[in-house]
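Some notes on the structure that comes next.
The values are calculated or read from the model by the stated rules, or taken from the named source; none is laboratory data. The model shown is predicted, which means the values in this text are computed figures rather than measured ones. Every residue, glycine among them, receives a Cβ derived from its backbone with ideal geometry; neighbour counts consider all protein chains shown. Areas reflect the complete protein model, heavy atoms only, side chains present, ligands, DNA and RNA absent. Shrake-Rupley method; radii C 1.70, N 1.55, O 1.52, S 1.80 Å.
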Amino acid sequence: MRLGVILAAVLGIAVATAVVGYFGFGAVFAALAAIGWRGLLFLIVYSALPFGLLGAAWFWLVPRAPARLLGVFVGARAARDAGSELLPFSHIGGFVIGARVAILSGVSATAAFATTVVDVTTELIAQLGFTGVGIGLLALRLGAGHSGDGLVEAGLIGLGLTAAGAVAFIIAQRRGMGLVEALARRFLPGALAGAGDLRTALGEIYRRPGRLALAVAIHFTAWIASACGAWLALRLARVPIPLSAVIAIESLVGAVRSAAFVAPMGIGVQEATYALIGPLFGLGPEMSLALSLLKRARDVAIGVPALAAWQTLEGRRLWVRTKA
């Protein structure tokens, strides 16, 4: 593990601890207890819905994919998120883990990697729309007399920069291909027959605009569904907050986390953003931090089995190669 990753993780833990300590460990954990095990179990079970949608969006990008592969992509998506959330890698590490699970489950290496690249792109586009909804709700909230000058403008600037990055990434896939091919050679050496195969696979995917649009729509629905899960968990704790407020909070926290992708697992960034954004929509900082901790506990509960399943697939492949 590189020293920079270690230092970033340590700094993130320090920031998260400081944020929780600032508002009081007792108050935050009392809020967490108010949500309780029932809220955690609900989030774990409810996660089947957004993960099902995310897997479906990825599956939909595979040309002529048999229906039996839908479950494969749902599981691969769970492994992708587990790698990004629980392991001290960049998000690219999570993308590679997801692609590996798909390959080990019977998807061709070229299709797994090409669809991963496009799936990340469609999800980014959907998140831009979701973030736009959050910024709009924030503008309405601040227009009603709440404090927070400059947040809307900062959000719009960040949204514009992210949109520019998304356009540049799409252009790189469609024209330059250098970045995509470099990633393929680095993270899946020997898995791809050649750059031409990858270029052909990406071209075939992008020649289906209807499928791309549907994938974006499914991703957007998954973002909304995830926010609904957080809202329902808060309702179980008898926290009277509108669904629109939770959608705004979740969209803005997600946007900040994406922008701060260099922070391993978003430690510190997520907690600080919840504590800042939550009160603007009537969710106290203690309950906002409790929600953040609850979601981290959910990620561990889902991510550990997903990573274990990935390692089982890797071990099975190694065993077969050894016996051959």
Checklist entry - Considering only 161, 45, 130, whose Cα is most displaced toward the positive end of the charge dipole of the chain, charges sitting on Cβ of Lys, Arg (+1) and Asp, Glu (-1)? => result 45
Item to check | Candidates 60, 223, 37, ranked by Gaussian network fluctuation over the chain, Cα under 10 Å, top entry | outcome: 37
Next on the checklist: Please compute the modelled spin-label separation between residue 243 and residue 48, points set 7 Å along Cα→Cβ, answer in nm with one decimal.
Outcome noted: 2.1
Checklist outcome for this item: Of 13, 157, 247, the most mobile residue in a GNM of the chain (C-alpha springs, cutoff 10 Å) is 157
Item to check | Of all accessible heavy-atom area on the chain, the percent that carbon and sulfur account for (1.4 Å) | outcome: 70
Checklist entry - Not counting the cut sites, what is the longest span of the chain without trypsin sites (Lys or Arg not before Pro) that DSSP labels loop and that have at most 12 other Cβ atoms within 10 Å? => result 65-206
Checklist entry - When the scattering of region 19-161 is computed by the Debye formula from its Cα atoms alone, each counted once and equally, what is log10 I(q)/I(0) at q = 0.19, 0.20, 0.21, 0.22 Å⁻¹? => result -1.12, -1.15, -1.17, -1.20
Item to check | Cα centre as origin, Lys/Arg/Asp/Glu Cβ charges: region 207-324 dipole, Debye | outcome: 740
Next on the checklist: Using the Cα centre of the chain as the reference point, and only Cβ charges (+1 on K/R, -1 on D/E), how large is the resulting charge dipole? Debye, rounded to the nearest 20.
Outcome noted: 1080
Checklist entry - If Lys and Arg each add +1 and Asp and Glu each add -1, what is the summed charge of the other residues whose beta carbon sits under 11 Å from the beta carbon of residue 222? => result 0
Next on the checklist: Rolling a 1.4 Å sphere over the protein heavy atoms, what is the accessible area per residue of the chain, to the nearest Å²?
Outcome noted: 47
Checklist entry - Given the options 290, 259, 102, which has the most mean-square fluctuation in a GNM of the chain, springs set between C-alpha atoms less than 10 angstrom apart? => result 259
Checklist outcome for this item: Scoring the chain by relative contact order with C-alpha pairs under 8 Å, at least six apart, yields a percentage of 34
Item to check | Gain in span if fully extended, residue 29 to residue 257, counting 0.36 nm per residue against the direct Cα distance | outcome: 79.8 nm
